[in-house]
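K.L.:
Below is the structure I would like to discuss, written out as structure tokens.
No lab work stands behind these numbers, since they all come straight from the coordinates. Source: prediction; values computed, not measured. Ideal geometry is used to build each Cβ from the backbone, glycine not excepted, and the neighbour counts take in all protein chains shown.
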Amino acid sequence: MAVSSRANPHICIVGGGFGGLYTALYLQKYRHLKSSRITLIEPDERFVFFPMMYELITDELKQWELFPTYSSLLTGTNIQWQQDHAESVDLSQQKVIVSSGDVFIYDYLVLATGAKNRPIDLPGLNEHALTFRSYQDALTLTARLKQLVRSQTLQTQSDSIQPISVVVVGGGASGVELACKVADYLGQRGRISLVERGSQLLSNFPKGLRRQADRALKNRQVNVLIETSVLAIDADTVTLTQDETQTTRPSQLTLWAVGTQPRPWLGEQSVKQNDYGQRLTRRTLQLADDESVFVLGDSADVRGPKGKAAPNTAQAAFQAASRVAANLAAITQGKQPKPFNYLHLGDMITLGIGDAGLSSFGITLGGRLAALIRRGVYVFRMPTRHHQIKVGRRALGELFRALFRKRFKKRWFKKR
Ligand SMILES: Cc1cc2nc3c(=O)[nH]c(=O)nc-3n(C[C@H](O)[C@H](O)[C@H](O)COP(=O)(O)OP(=O)(O)OC[C@H]3O[C@@H](n4cnc5c(N)ncnc54)[C@H](O)[C@@H]3O)c2cc1C
């Protein structure tokens with residue numbers, strides 16, 4: 001279908017994550033789109049700032065910082081939030097049908113429905129393991145940790161205190177970050193293991209960052225088990241296999257940080273997809289099969305000039321959102337859309353309270369400085385200037401209090 005410019009178009013965006021919400025917000029920059037209709041279809045009440053969701057475990061960040069409501073983020077914009085689930089898309093009639101039965105006729109459609117946990121056939125996985133991919137997951141995990149600490153505290157009256165055993169499965173960024181935060185939350189109470197099937201942790205990350213992660217895990221006495229697979233999960237054990245030897249170890253909490261897949265295509269007509277199930281895009285981020293549809297984020301196969309795929313990260317979705325908004329602005333003025341070029345700015349991971357690893361353009365940093373930079377960068381990545389200011393103000397307040405305490409302590413000791 002050929003795309004044409006339209007005055008006051010209806011732009012319909014499905015999915016309010018890093019791809020969808022940020023596209024909607026970037027569209028606000030274009031004056032000629034101020035009178036157009038922008039609909040954001042998103043079933044959840046709150047946006048999730050995934051990269052810092054781990055900070056909820058250790059109470060370094062508050063719920064309002066990580067999970068702002070869409071109603072608060074969209075105040076003062078011309079974005080209409082439809083709290084609903086898109087059920088299907090009809091490309092030929094340019095319409096989206098949502099769960100309530102409402103139909104949205106669009107001029108341009110942006111699809112950014114993200115990814116979900118990949119279903120894996122493993123005994124006990126669904127019943128006994130927790131995942132960490134949503135607002136609800138984060139609340140469930142923090143509640144479970146509190147409950148484990150409470151029941152251990154009750155044990156102190158009895159003679160032998162058992163450590164709280166936690167097994168984190170998956171040695172990618174999410175597994176490493178969870179292991180470090182949970183270790184810091186539990187301190188001496190916990191015994192944390194990190195299980196990875198491959199031969200090393202963080203296999204897709206630069207060497208320097210892997211070194212930082214090793215240091216942080218060692219400092220926290222996390223037991224790292226590589227070339228180890230999970231065979232089964234029970235209420236308070238996991239069964240592992242390593243070198244063809246099976247062992248069953250205690251696990252009062254098993255965290256599953258393995259495997260995602262793109263959410264399925266919503267269209268009634270089939271479109272070109274890669275083997276992983278992502279929709280194929282043109283360099284302009286328009287759907288290969290339909291120019292009036294843009295796709296971005298984890299559900300899109302986005303390629304650079306040499307055919308290199310952009311990663312499935314918030315960083316890539318965030319950059320693509322800016323390009324989608326610019327291309328929509330161009331098309332609606334009768335101009336040509338431009339290709340998207342992903343620029344890899346670096347990698348950052350949290351490695352516990354006040355600790356992080358950062359690698360950018362050949363420079364690797366770790367520890368407190370990396371944690372500070374990471375927090376600063378993410379404050380600027382949060383949606384809307386208003387939210388950034390609120391979160392930034394609290395971060396600065398904390399920083400000044402920490403500096404003041406340090407200085408005060410130094411002086412006090414000097415005097416004595
Ligand atoms: C715990 C965790 C930590 C992460 N840490 C980092 C990090 O440090 N750095 C980094 O760059 N990336 C990180 N990522 C990856 C990053 O969050 C994703 O790559 C990014 O969110 C992808 O953006 P998206 O818009 O494609 O999907 P999402 O942000 O997941 O948004 C998809 C949205 O679509 C909505 N949706 C789904 N189906 C429908 C439907 N049918 N109708 C309407 N709405 C629908 C969902 O509710 C959701 O809000 C992390 C991810 C997780 C889970």
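K.L.:
List the residues of region 193-229 whose backbone N lies under 14 Å from a point placed 7 Å from the Cα of Arg249 along the Cα-to-Cβ direction.
P.N.:
In region 193-229, the label zone of Arg249 (backbone N under 14 Å from the point 7 Å along Cα→Cβ) covers 193-197, 218, 221-229.
K.L.:
Can you say what percent of the DSSP beta bridges in region 125-257, counting only those with both residues inside, are antiparallel? Round to 5.
P.N.:
40 percent
K.L.:
Follow-up. D for region 125-257, whole µm²/s, Stokes-Einstein with Kirkwood Rh over alpha-carbon pairs at 25 °C and 0.890 mPa s: what number?
P.N.:
Details: Rh = 15.2 Å.
Result for D is 161 µm²/s.
K.L.:
Another one. Relative contact order for region 125-257: what is it in percent, counting Cα pairs under 8 Å that are at least 6 residues apart? Intermediate results must be reported in sequence, preceding the final value.
P.N.:
On the way: 221 pairs, mean separation 39.6, N = 133.
It comes to 30 percent, rounded to a whole number.
K.L.:
Let me ask something additional. Restricting to Cα atoms and excluding each atom paired with itself, what does the Kirkwood estimate give for the chain in Å?
P.N.:
Details: mean 1/r = 0.0431 Å⁻¹.
About 23.2 Å, per the Kirkwood formula over Cα pairs.
K.L.:
Calculate the spin-label point distance for Ser360 paired with Gln336, positioning each point 7 Å from the Cα along the beta-carbon direction, and give it in nanometres.
P.N.:
Using points 7 Å along Cα→Cβ, the separation is 3.4 nm.
K.L.:
Now, a different point. Students often get this wrong, so check it: of Lys29/Lys406; Lys62/Lys272; Lys207/Lys406; Lys218/Lys390; Lys34/Lys62; Lys116/Lys306, which have C-alpha atoms separated by over 31 Å? Intermediate values should be presented prior to the final figure.
P.N.:
Values: Lys29/Lys406 43 Å; Lys62/Lys272 41 Å; Lys207/Lys406 33 Å; Lys218/Lys390 35 Å; Lys34/Lys62 33 Å; Lys116/Lys306 28 Å.
Pairs exceeding 31 Å: Lys29/Lys406; Lys62/Lys272; Lys207/Lys406; Lys218/Lys390; Lys34/Lys62.
K.L.:
Restricting to DSSP loop positions (anything but H, G, I, E, B) with no more than 10 other Cβ atoms inside 10 Å of their own Cβ, which GluC sites (Glu not before Pro) remain in region 181-253? Each step should come with its number before you reach the end.
P.N.:
On the way: sites: Glu196, Glu227, Glu244; in loops: Glu196, Glu227, Glu244.
Of the GluC sites (Glu not before Pro), the ones in loops of region 181-253 whose Cβ has at most 10 other Cβ atoms within 10 Å are Glu244.
K.L.:
On to the next question. Rg and Dmax of region 1-114, Cα atoms, in Å?
P.N.:
Values for region 1-114 (Cα only, Rg and Dmax): 15.4, 51 Å.
K.L.:
Let me ask you something else. Return the aspartates and glutamates within reach of Lys338: Cα separation strictly under 15 angstrom, same-chain partners fewer than 8 residues apart disregarded; answer none if there are no such residues.
P.N.:
Glu291
K.L.:
Nearest-5 percent of antiparallel DSSP beta bridges in the chain? Numbers along the way, then the final one.
P.N.:
Working: 36 of 70 bridges.
In the chain, DSSP labels about 50 percent of beta bridges as antiparallel.
K.L.:
Here is a follow-up. Summarise the long-distance tail of P(r) for region 266-416 by giving the % of C-alpha pairs beyond 29 Å.
P.N.:
Numbers: 4453 of 11325 pairs.
Value for region 266-416: 39 percent of Cα pairs lie more than 29 Å apart.
K.L.:
What do you get for the angle between helix 385-415 and the principal long axis of the chain? Use alpha-carbon atoms, 0 to 90 degrees, nearest ten.
P.N.:
20 degrees
K.L.:
Ok, one more. Which length gain, in nm to one decimal place, applies between Gln242 and Trp64 when the Cα-Cα distance is subtracted from 0.36 nm times their residue separation? Intermediate values should be presented prior to the final figure.
P.N.:
On the way: separation 178, 0.36 × 178 = 64.08 nm, distance 4.22 nm.
Roughly 59.9 nm would be gained on extension.
K.L.:
List the residues, sorted by chain then number, that are 5 or more residues from Gln82 or on another chain and whose placed amide H is less than 5 Å from its amide H.
P.N.:
For Gln82, the qualifying residues are Leu40, Ile41, Glu42.
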